[in-house]
Every structure is written in structure tokens, then in C-alpha cells.
Ligand SMILES: Cc1ncc(COP(=O)(O)O)c(C=O)c1O
């Protein structure tokens, strides 16, 4: 009988550490709407340096970071090339249409990346009555494909293919990509005009994402953040734990990746038909198709394991700071016993 619930629904369930709670208590704060919160300013500068960009803006969520990126990189009526399963396309309740009045030119991203030849075709299709693709959005790690990473060689080719069009990197789990590939965040982000990352997922902060890019664009991002209602006042209360997440939680992500692999191997063993689809997944997310997702999730829940659907017919396990070795092993045992 299960004694504790093993919550693998998302890395967003992570609780702030005692140090994070203390840092919130002690944070020096001011009115960030007036640019006077030193803790927010420090977080923004630290993040910008960490990803090799000029400036950054602290925002309440990853969705808002993506929405602001759309609003500063496009104009209403534009078309943005992006993968079908990217968060900005399929998991933001249609916000891109509502907030930025753009449409997407969808590329196949079942394995996390696009076929760059398909991307070239889409961009060359520009002209006459064809929609003009004016920006490119990529996601790394790519959540819906099981946290897959973009190979750095492919990322490096993007600016040449984009031919001056801005590129946004949705790096909600950017640091998982850094840890899994051994390529620095600066290098991963080098081909992107703007990059966003969430501090509230594997990094365990309670709230917050950061958007970084050229200083001029970040000044525009502050205006769009205000328009979306995301400008905060004494934001240092949440920026302090977010800063701790950025400074102290990145290396730990390797543990999440190792534990996800324990679960992934059990899934491959129990469901050999889907084993091939798990190849290439190497971070903290395990994703696989199953014909009876609700029944599978109910069966897991009855044994103390919480997982979730990530799309119709697709199951997702996500490891995080509260999943230790014993929990990963127990999950593997339960999966094998299904
Ligand atoms: C790839 C990706 N981008 C953006 C987001 C949005 O982050 P938030 O939930 O903080 O709005 C998520 C959240 O799961 C995500 O996985």
C-alpha cells in the first residue's frame, strides 16, 4: 500500500525551500513600477548575464513572457513560425490570437525540433497572398515531446535561416537543457533575439519567469508587461526566492533527469510498443502515448502515483525536487506492475 503520494504531474508543484521563504522575508523591496525594487533589478541583471543578453524583465509567469515576446517581436496580422506542440501554440488558451493578433505557421515538432528544410520552405513561401512569416519561436527543452533538447548545431543555424527575422526561445526549462547537454545557457541562447525562462518549475521558486534580450526591446517589454497587467510593485518578495532558484538550483536538475530515466526505463519495459518513442527524451519529463489514458492515470493514482495527460492519448510524468530516488524506484515498480 502506498503511504505517500508521489506527485509527478508537473515540476510546478515544487515548494519554495526554507531559504527561499527566508529570503522573501528579508528582501529589500521598493516600487518596481518605478524601477525602485533593488531585488527585482538584481534578479533581472543576474538572469540577463546568465543567458548572455543585455537586459531582462521579471514577469509573473512563463505564459506572460511568451505573450510579451509576441507583442514586441510582431505586429498584428503577422505570422509566426512555431512548432505545433509548443506551449505558445497549444497550451496558452489561444492567448497569442487575443493578445498579439498573430497567427502561427505550424511546423512538425513531434520530436521537439523542426526539420530545418521545412522551416526554409515556410520562410521562402513569403509573398503575394501567402502570409508573411515575420518571426520564429522555438522551445528548449520542448515540453510536449518529453523535454527534448535542441542540438546546439541546429540552434546555431537558425539566424542564417531566419534572415533577420527575430527569434524567441521559450526556455521555460532552459536550465534543464543546459544541464542535459552540457552546453551553456549563453550558447544555447546565442541565436535567439529574446529568451524566457521559468524560475517556478525545476528551480523551485514560488513565482516568476524572466524575459531577456536587447535593452531597447526590454524597454518595450516593460510597456507590454504593464499593458497586460503584469507590472508589480514590491516584487522583490518573489524575486528574492527566484534569484535563489537561479543561483542554487540549476546543478540539482541533473538529479531530476536521472530519476526521470528510472521511470522512463520502466515505461519502456512495461510498454515495449512505445519504447522507441521514448528515445531522445533525456531531461525531467517522460511522455508516451497510451490508448486508455484516464484508466491508466486512475490506476496509478490508486497506487499513490499522480501523473497527468499532456495531450489526448498522451501521458506525462515530470520529476522535480520533491521526487527522491526511492520515489522514482517506487514509481518504476508500480509502472511495471500495471
Ligand atoms: C514550455 C513552456 N513554456 C511556457 C510555460 C508557461 O509557464 P507558466 O505556467 O509559468 O505560465 C510552460 C509551463 O508549463 C511551459 O512548459
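The values are calculated or read from the model by the stated rules, or taken from the named source; none is laboratory data. Just so it is clear, the model here is predicted, and its values are computed rather than measured. FYI the Cβ positions are ideal-geometry reconstructions off the backbone, even for glycines, and counts take in every protein chain you see.
Among the numbered conditions (1) buried (at least 17 other Cβ atoms within 10 Å of the Cβ); (2) closer than 27 Å to residue 232 by Cβ, the only one that residue 38 does not meet is (1).
Hey, does segment 12-22 have a residue that's in contact with a strand residue (DSSP E or B) (Cβ under 6 Å, 6 or more places away or on another chain), within 16 Å of the ligand (Cβ to nearest atom) and either in contact (Cβ under 8 Å) with a residue 40 or more places away in the chain or not in a loop (DSSP other than H, G, I, E, B) (or both)? Within segment 12-22 (the criterion being in contact with a strand residue (DSSP E or B) (Cβ under 6 Å, 6 or more places away or on another chain), within 16 Å of the ligand (Cβ to nearest atom) and either in contact (Cβ under 8 Å) with a residue 40 or more places away in the chain or not in a loop (DSSP other than H, G, I, E, B) (or both)), the answer is yes, since at least one residue qualifies.
Contact annotation: residue pairs with Cβ atoms under 9 Å, 6 or more positions apart or on different chains, pairing a residue in segment 187-207 that is more than 14 Å from residue 66 (Cα to Cα) and at pLDDT 95 or above with a partner that is part of a strand (DSSP E or B) and more than 14 Å from the ligand (Cβ to nearest atom), are 189/212; 191/167.
Scanning segment 53-99 for residues that are away from the ligand (no atom under 16 Å from the Cβ), part of a loop (DSSP other than H, G, I, E, B), more than 13 Å from residue 168 (Cα to Cα) and touching a strand residue (DSSP E or B) at 6+ places or on another chain (Cβ under 6 Å) yields a count of 1.
When residues in segment 100-132 are screened for being in contact (Cβ under 8 Å) with a residue 40 or more places away in the chain and within 16 Å of the ligand (Cβ to nearest atom), 3 of them pass.
Quick check, is residue 221 touching a helix residue (DSSP H, G or I) at 6+ places or on another chain (Cβ under 8 Å) and in the same structural domain as residue 151 (by TED's automatic domain parsing)? For residue 221, the condition - touching a helix residue (DSSP H, G or I) at 6+ places or on another chain (Cβ under 8 Å) and in the same structural domain as residue 151 (by TED's automatic domain parsing) - is met.
For residue 205, the stated conditions hold: it is over 13 Å from the mean Cα position of the chain (by Cα), within 14 Å of residue 249 (Cβ to Cβ) and in the same structural domain as residue 47 (by TED's automatic domain parsing). Restricting 259, 225 to residues that are in contact (Cβ under 8 Å) with a residue 24 or more places away in the chain and either assigned to a strand (DSSP E or B) or farther than 26 Å from residue 337 by Cβ (or both) narrows the list to 225.
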